[in-house]
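Written below as structure tokens is the structure these notes are about.
None of the figures in this text is laboratory data; all of them are computed from the coordinates on show. Since the structure is predicted, the reported quantities are computational estimates derived from the model, not experimental observations. Please note: Cβ atoms are built from the backbone with ideal geometry, for glycine as well, and neighbour counts cover all protein chains shown.
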């Protein structure tokens, strides 16, 4: 007869031992924002469109319509991915900035400076993403 194993006999490989990583996962599930875990670099801007460069082929990670959020020049910038392309060694993400409805320009335009705290989401309205006062 085969030995009977119980759930408690198996190691838990799904939950990280690192409590900081576990907190990141919990926060991502609650907020809808997933940390990218990679460096994004300013490429160009043509209000209201911005372009970000990422090293490596990220065409299977990101898709059109995904929401993005990052800090740049002291501003939190929100956007929607409108184009993705890869040309070795970089992936290029083109996105539409959050738009001020009074003048149809970016509310916070990305500048040629460091990009930090970068996240993405496949949710339509992840936590904090503008949905009523401005347009995309």
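A crude spin-label estimate for the pair residue 83 and residue 39, with each label 7 Å from Cα along the Cβ direction, gives 2.5 nm. Residue-normalised convex hull volume from the C-alpha trace of region 36-121: 84 Å³ per residue.
With Cα atoms defining each centre, region 96-115 and region 34-85 are spaced 13 Å apart in the structure. Of 36, 41, the sequence from fewest to most neighbouring Cβ atoms within 10 angstrom is 41, 36. Between residue 63 and residue 116, the contour length at 0.36 nm per residue exceeds the alpha carbon distance by 17.0 nm.
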